[in-house]
Amino acid sequence: MMVKKIVLDVLGLLVLVVAAVFLLVLFNSPGKLTSLKNQQGNTIKGSISEKKFVEIGGMKQGMFIRGEDRTKPVLLFLHGGPGSPEFAMSEAWETQDRLEKEFVVCYWEQRGTGMSNTKELSPKTMTKSQLVEDTIEVTNYLRQRFNQDKIYLMGHSWGAYLGIKTVQNSPELYKAYLGIGQPVHQKRGQKLAYEYLRNHAKKIDDQKSLKKLATFDPEAPAYNLLLEKYGVGIRHEGPSLATMIKQLLFFKGYTFSEKINAFKGMPLSNEQLDNEDFSNDNLLESVPELKLPVYGLHGKYDYQVSYQLAKEYFNKVKAPNKNFYTFENSSHSPNYEENEAFYNAVKEIKDQVENQ
């Protein structure tokens, strides 16, 4: 009887904890953005901060649009994943040195992701070519709305792959392309990561990890967990994956149902988009030249997407103007790990482009 009572007490406590978390998440899900504020906490005059739904590619898709000055150049940000919305993290860790100081930034959520993972979505439409078309349609919406002939395009990880395919297709729409954690040849990059993990495990005599790395399997949970353990995955010393999930759960820009759709969209997008076509595509061969200024921004510890291959690509790609920025204390997410250095690099790029 005593054991039964203890079990019931533990189960009761677990139910209470789950209920408390549910209510806390629900309370933090009004689905609205706050205004952009200055250091004194006052709303910035002339700023824009809105949650928007637009008909893109035959379906309603969601985006957040923010900027301290709505007359500034427009930047379209393409999130990674595929299927991993990033605005919740951007907002959580932003300082006054934010992209919104230099641009009107559109954080669009690609079909199947977050606010764009709706009942009307057909998974069959989640293809690279359709997402390129969607990106161009979002671009034209922003160009028309903000009365700008060209805008900036920035992609992170998977978004950088989508971004570079888009500017290859329609360079005339963009002032410049900026790739963060740029995938170049993911299959080769995964093998380089595997070699690093094994060598590092041997170096520190991590026998338990060496056993997990007995065979090369980039899809195995152990492989990705070791990238994080050794600080060469999504982050180096920055926010943990648990912290990123927490920021998404308590992000006030989503309703509760939108948060559920965001988590559902991650495996859906990976299933539909993270395929052999992406893994085998070598940009050194498929995109050897771009007809606009291009810039790479990469953490030097990144093995989630190879820093070595990205640097090689930006050195070799032919473009009217180009540069490659290395972030010394980052892995795959310098935009979150080194906010100030990242902001300064992007501001430098913008000043160069605007003065050309």
Considering only C-alpha atoms, what is the centroid distance from the range 238-286 to the range 140-174, in Å? 20 Å
Residue by residue through the range 144-158, what is 3J(HN,Hα) from phi via Karplus (6.51 cos²θ - 1.76 cosθ + 1.60, θ = phi - 60°)? Round to whole Hz and write x for glycine and proline. 5, 5, 9, 6, 10, 5, 9, 10, 8, 10, 10, x, 10, 6, 3
Say each of D205 and K246 gets a label point 7 Å from the Cα, pointing the same way as Cα to Cβ; how far apart are those two points in nm? 3.5 nm
Return one whole number: the accessible area per residue of the chain in Å², for a 1.4 Å probe. 47 Å²
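Evaluated at 20 °C with a viscosity of 1.002 mPa s, what Stokes-Einstein diffusion coefficient in µm²/s does the range 109-265 have when Rh comes from the Kirkwood expression over alpha-carbon pairs? Provide the component values of the computation, followed by the final result.
Working: Rh = 18.4 Å.
Taking Rh from Cα pairs, D becomes 116 µm²/s.
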What number do you get for the range 141-180 when its Cα radius of gyration is normalised by 2.2 N^0.38 Å, N = residues? 1.14
Considering the chain as a Gaussian network with a 10 Å cut-off on Cα pairs, which listed residue, Q207, Q96, Q40, attains the greatest mean-square fluctuation? Q40
I want to make sure I understand the PRE zone here: with the label point 7 angstrom from the Cα of K318 toward its beta carbon, which residues in the range 163-187 have backbone N atoms less than 17 Å away? 168-169, 171
Cβ-derived FRET efficiency at R0 45 Å, L225 paired with Q144, nearest 0.05: 0.50
If amide H atoms are modeled at 1.01 Å from N in the peptide plane, then the residues at a separation of 5 or more from A176, or on another chain, having amide H under 5 Å from its own are L153
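Given C-alpha coordinates of the chain, what is the ratio Rg to Rh with the Kirkwood estimate of Rh? Don't skip to the answer; put the middle values down first.
Values: Rg = 21.2 Å, Rh = 21.4 Å.
Taking Rg over the Kirkwood Rh, I get 0.99.
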In debye, nearest 20, what is the charge dipole magnitude of the chain about its Cα centre with +1 on Lys and Arg Cβ and -1 on Asp and Glu Cβ, if you could check? 520 debye
Quick one: among V294, V54, V184, which has the greatest mean-square fluctuation in a GNM of the chain with alpha-carbon springs under 10 angstrom? V54
Could you tell me, in Å, what Rg and Dmax come out for the Cα atoms of the range 199-238? 10.1, 29
Residues E55 and L284, FRET efficiency given R0 of 51 Å [Cβ-Cβ distance, rounded to 0.05]: 0.90
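Using a 10 Å cut-off on Cβ atoms, rank the peptides 344-351, 210-217, 155-162 from the highest mean neighbour count down. Present the calculation step by step, with values, prior to reporting the outcome.
Values: 344-351: 17.0, 210-217: 12.6, 155-162: 27.0.
Those peptides, ordered most packed to least, come out 155-162, 344-351, 210-217.
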Report relative contact order for the range 295-340 in percent, whole number only (criteria: Cα-Cα under 8 Å, sequence separation at least 6). 52 percent
Quick one: which of 327-336, 121-130, 311-320 comes out on top by average Cβ neighbours within 10 Å, and what's the full order, highest first? 327-336, 311-320, 121-130
Could you calculate, for the range 202-356, the ratio of the Cα radius of gyration to the Kirkwood radius, expressed as Rg to Rh? 1.00
Rounded to a whole number, what % of the accessible area of the range 202-285 do carbon and sulfur atoms account for, probe 1.4 Å? 55 percent
Entries of K52/K300; K246/K300; K124/K246; K203/K311; K52/K101; K202/K316 with Cα pairs more than 28 Å apart: K52/K300; K124/K246; K202/K316
GNM on the chain, C-alpha springs below 10 Å: top fluctuator among I204, I180, I260? I204
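The values are calculated or read from the model by the stated rules, or taken from the named source; none is laboratory data. The model shown is predicted, which means the values in this text are computed figures rather than measured ones. No Cβ is skipped: glycine too gets one built from the backbone with ideal geometry, and neighbour counts run over all protein chains shown. Heavy atoms of the whole protein, side chains included, go into the accessibility calculation; ligands, DNA and RNA do not. Shrake-Rupley method; radii C 1.70, N 1.55, O 1.52, S 1.80 Å.
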